[in-house]
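Before any comments, here is the structure.
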Amino acid sequence: MEHFLSLADWESSDLIDLIEQAVFLKREHRTGGNRQMLANKSLGMVFQKPSLRTRVSFEMAMKHCGGHALFLGPQEIGLGKRESIADIARVLGSYVDIIMARVFDHAHVEQLAEWSPVPIINGLSDFNHPCQAMADVLTIYEEFGELEGLQVVYLGDSNNVTTSLAFAAAKFGFQLVIASPEGYKMDAETIKRARLLGSSQDTVVEVSDPVEAVQDADVIYTDTWTSMGQEEEAAQRREIFPPYQVNHQLIANAPAHTIVMHCLPAHRGEEITDSIADGPQSRLFQQAENRLHAQKAILVRLLTR
Ligand code: CP
Ligand code: NVA
């Protein structure tokens, strides 16, 4: 059975098919509505952390295609606390056709996948955020009409979003340049894995100077300096990260065609300024909308094969 836990697990050709399907489903949605490809199908959505985009885009994706989604928040099933993950996977999987889970520990989505009788989608873990990366790739593809040979520059904390971008770079043939401060860089193991998957040392490149990093950027991407679960480190991180802020001064060093992306939620005035987030180079809201279309493609693939 197929699961969607990490882009690293998927073949490039299948991921490209998913992007093509997302383009098709987006057009279909805008011109008369989606066919009821998921009629009578149910999605169970397990959340250990808050969400706007992931929760609503998954729920609407199911609705648009004739299916149903059920929200289960942290108070309801207490993943691994009230009962074991193996038991939850088997019980929930006997009621619904597919499960999406947002967790802290990545091992928990892996355990769900081990025990569940239905496909598991990772809706963000501390390790990665593959559904976000698919929406990001769709957005970049819409902008440039291609992916291979592009350069995406990530500034800030090397986190779950960065990891999925690194795997996306490997699978779709673009380059990820990362500029993160000392102590907040991507771990060597993940970089090595992305380079192996991409068959090139250039798949992921680390630089220390944010100004140097953006010189040839097609895309400048940032995310929060403090991810969910790291809240007690927020004050310390606010001291360290300001040189990596995406602002006008920094963007002035990038090519004129550069677009700016952020997975959201944004901490305006920290990792990105208002004028950039709301400016002509921003693709933030197109990117957020694309969660809906990219996830429809994932749901259709996992539920109709
Ligand atoms: N980008 C993203 O996953 O947003 P939410 O946390 O609101 O789902
Ligand atoms: N890195 C962020 C992404 C939020 C969508 C977090 O994990 O909180």
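The values are calculated or read from the model by the stated rules, or taken from the named source; none is laboratory data. Keep in mind it's a predicted model, so treat the numbers as computed, not measured. Glycine also receives a Cβ, built like all others from the backbone with ideal geometry; neighbour counts cover every protein chain displayed. Ligands, DNA and RNA are excluded from the accessible area calculation, which covers all protein heavy atoms including side chains. Shrake-Rupley method; radii C 1.70, N 1.55, O 1.52, S 1.80 Å.
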In the stretch 81-102, how many residues are under 23 Å from Phe58 (Cα atoms) and not hydrophobic (A, V, I, L, M, F, W, C)? 6
Is the stretch 179-197 home to any residue that is under 16 Å from the mean Cα position of the chain (by Cα), touching a residue at least 24 places away in the same chain (Cβ under 8 Å) and within 16 Å of ligand 1 (Cβ to nearest atom)? no
So which strands (runs of 3 or more DSSP E) stay within the stretch 191-286 end to end and still have 2 or more residues that are crowded, with 19+ Cβ neighbours inside 10 Å? 219-222, 259-262
For the stretch 8-45, name all the residues that are open to solvent by less than 20 Å² (accessible area, probe 1.4 Å), under 30 Å from Gly78 (Cβ atoms) and either acidic (Asp, Glu) or away from ligand 2 (no atom under 16 Å from the Cβ) (or both). Ala8, Leu38, Leu43, Gly44
Residues in the stretch 141-189 that are of a type in the set (Ser, Thr, Tyr), within 16 Å of ligand 2 (Cβ to nearest atom) and under 16 Å from Gln287 (Cβ atoms) total 3
Where a residue in the stretch 121-133 is among the aromatic types (Phe, Trp, Tyr) and its partner, wherever it lies, is more than 11 Å from ligand 1 (Cβ to nearest atom), with Cβ under 8 Å and at least six apart: Phe127/Ser6; Phe127/His106; Phe127/Thr163
